[in-house]
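Asks: Below are the structure tokens for one structure; questions will follow.
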């Protein structure tokens, strides 16, 4: 993860994420508003099957939204530009572990992240194309709620530090989510590429467009983070596997839902 020591003071433009959810400003785009509504239903329902159905639909729409914006911006670059998100504040408990989760979600969805520290509060900005930053914000909001509930339901082994266990739990959860999102993104790309045979003459392939976007983000990120250091964390505790298992169970949708989103 990238840590900026020189920009610890919070800016006037920020979003705040706490353990119980988010107070994000509602997105203006109607598709994003629909996705956010589906994820909110998934978080609030007590029925596992209903939660999976809501989230599967949201992830399907999210994948389709990302591909469509990528292809549109290849023709009209001004519709989707590279930049930073608003500053995202992450509060205790486990603020730095929430930063880790945000980092893994951002990386899986084609973005980068830099974080800052001001006293006990951490904050972060997500860097990448605007449409991908929107997807990161929406999904991270839902995953933060799911992580809080799942971690609270996980029993800490007798005699082990609760904080140490839960920090490694968060790490395992974030890794599992990252792996699952990468699989889902790759599948969505394959589906889009398979359907590109009917594309308008003169348009580039989905694979080429997405590869170019990744290269542009990486080049801009190198310039953006010159002089900023990368850090890694060494954690002790046995919660990693428990968190990984819960991350595998987190509601991200499934292959069938992704298939439906491209038909």
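The values are calculated or read from the model by the stated rules, or taken from the named source; none is laboratory data. Remember, predicted model here, so these are calculated numbers, not experimental data. Cβ atoms come from the backbone with ideal geometry, glycine included; neighbour counts cover every protein chain shown.
Asks: Sort out for me the strands (runs of 3 or more DSSP E) sitting completely within segment 73-165 that have 1 or more residues that are in contact with a strand residue (DSSP E or B) (Cβ under 8 Å, 6 or more places away or on another chain) and crowded, with 22+ Cβ neighbours inside 10 Å.
Replies: Passing ranges, in order: 87-90, 112-118, 121-129.
Asks: To continue, here is another question. In segment 229-246, is there at least one residue being within 30 Å of residue 77 (Cβ to Cβ), at pLDDT below 80 and under 22 Å from the mean Cα position of the chain (by Cα)?
Replies: yes
Asks: Additional query: Failed condition for residue 57, given (1) at pLDDT below 80; (2) over 29 Å from residue 93 (Cα atoms); (3) in contact with a helix residue (DSSP H, G or I) (Cβ under 6 Å, 6 or more places away or on another chain); (4) surrounded by fewer than 19 Cβ atoms within 10 Å (Cβ to Cβ), with all others met?
Replies: (4)
Asks: Within segment 60-93, count every residue that is in contact with a helix residue (DSSP H, G or I) (Cβ under 6 Å, 6 or more places away or on another chain) and either over 17 Å from residue 134 (Cα atoms) or free of Cβ contacts under 8 Å to residues at least 40 places away in the same chain (or both).
Replies: 4
Asks: A follow-up question, please. If a residue must be under 11 Å from residue 100 (Cβ atoms) and without any contact (Cβ under 8 Å) to a residue 60 or more places away in the chain, how many such residues does segment 157-171 contain?
Replies: Within segment 157-171, residues that are under 11 Å from residue 100 (Cβ atoms) and without any contact (Cβ under 8 Å) to a residue 60 or more places away in the chain number 0.
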